[in-house]
Amino acid sequence: MARRETESRTGDSGGGSGSGGGRRERRRARAREARARQEARAAATAPADAPLVWGAGVGCRVLAALWLGQLVLLSPFAYGTDLAGLTAVEWLLRLWTLSVALWIFARLGAWRATADRDGVAVPRLFTVERLPWDEVGKAVARRDGCVHVGSRITGPFLPAPLARLLRRPDGARAMADHLTIMVRNPELRPTERVGARTRVRPYAVWAPLPLAVLAAAHLLAG
């Protein structure tokens, strides 16, 4: 009996070890593939003069427009509501909902990240995070289409599974690879600084547009 229990425990341990070893091997294989892909990209990439800019594409802007449309239809301040009769808690909940909705709108349709000679700029709600090259480390593409740049997240691009399904380029991986090779190869970094046209702006800058659309919808409904 003891012998069978010992064999059972040994078999369980071996299965777990094999599973963990398989995961580690897959991670190593993905790391080798990424390294080879990035080295090939570095060999084919010419040094850039102007800053590099990534931002919301057509798909993101369409999603932002659809999000704004449902926000107009399902406004936190429902059409015909007596605003004077709302309690402080109701005002707080509605303003919080509206703030989150506006952040999602800007996050989808107005995101932008730039790389210049000094580092990478990533937008935040009220500020812009400027990461020097030595703080970027490496950029990592996520399956949801966003990109880890140092300790910050930017994007989104088309999610990787959907990009493969539609046979579209994986924009998140391309951005992550380009940033990573510039971290490793300083000679490939842009030689100029960001100008007025390529400057990254905080998400809050874009709030007046959806607010104006909401205000117009309420005026027309009233």
Residue in the stretch 78-87 that is in contact (Cβ under 8 Å) with a residue 24 or more places away in the chain, in contact with a strand residue (DSSP E or B) (Cβ under 7 Å, 6 or more places away or on another chain) and hydroxyl-bearing (Ser, Thr, Tyr) present: no
Conditions (1) assigned to a loop (DSSP other than H, G, I, E, B); (2) touching a residue at least 24 places away in the same chain (Cβ under 8 Å); (3) loosely packed, with under 15 Cβ neighbours inside 10 Å; number of the one not met by Arg167: (2)
The residue that is farthest from Arg107 (Cα to Cα), considering only those in the stretch 136-164 that are open to solvent by 60 Å² or more (accessible area, probe 1.4 Å) and part of a helix (DSSP H, G or I), is Arg164
Lone qualifier among Ala212, Ala172 - being over 21 Å from Arg142 (Cα atoms) and either free of Cβ contacts under 8 Å to residues at least 24 places away in the same chain or not in a loop (DSSP other than H, G, I, E, B) (or both): Ala212
Those residues that are of a type in the set (A, V, I, L, M, F, W, C), open to solvent by 30 Å² or more (accessible area, probe 1.4 Å) and touching a Pro at 6+ places or on another chain (Cβ under 9 Å), I need them from the stretch 186-202; list them, please. Val194
The stretch 37-85, residues that are farther than 25 Å from Ala113 by Cα and small (Gly, Ala, Ser): Gly69, Ser75, Ala78, Gly80, Ala84, Gly85
For the stretch 63-135, which strands (runs of 3 or more DSSP E) that fit wholly inside it have 2 or more residues that are open to solvent by 80 Å² or more (accessible area, probe 1.4 Å)? none
Conditions: (1) over 25 Å from Arg124 (Cα atoms); (2) of a type in the set (Gly, Ala, Ser); (3) touching a residue at least 40 places away in the same chain (Cβ under 8 Å). Gly195 meets all but one. Number of the miss? (1)
Might you check whether a residue that is under 24 Å from Leu108 (Cβ atoms), in a helix (DSSP H, G or I) and under 19 Å from the mean Cα position of the chain (by Cα) occurs anywhere in the stretch 193-200? no
Over the stretch 145-164, the set of residues farther than 22 Å from Asp116 by Cα and free of Cβ contacts under 8 Å to residues at least 60 places away in the same chain is Gly145, Pro159, Ala160, Pro161, Leu162, Ala163, Arg164
Within the stretch 36-62, restricting attention to residues that are of a type outside the set (Gly, Ala, Ser) and buried (at least 18 other Cβ atoms within 10 Å of the Cβ), which residue is modelled with the lowest pLDDT? Gln38
Test for Ala31: is it farther than 18 Å from Ala139 by Cβ and either modelled with pLDDT of 70 or more or in contact with a helix residue (DSSP H, G or I) (Cβ under 7 Å, 6 or more places away or on another chain) (or both): no
When the stretch 195-206 is examined, which residues are found to be modelled with pLDDT of 90 or more and among the hydrophobic types (A, V, I, L, M, F, W, C)? Val200, Ala204, Val205, Trp206
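The values are calculated or read from the model by the stated rules, or taken from the named source; none is laboratory data. Being a predicted model, the structure only gives us computed values, none of them experimental. When we count neighbours, we look across all protein chains shown, and the Cβ atoms used for this are built from the backbone with ideal geometry, even at glycine. Just so you know, the surface numbers come from the protein's heavy atoms only, side chains and all, with ligands and any DNA or RNA stripped out. Shrake-Rupley method; radii C 1.70, N 1.55, O 1.52, S 1.80 Å.
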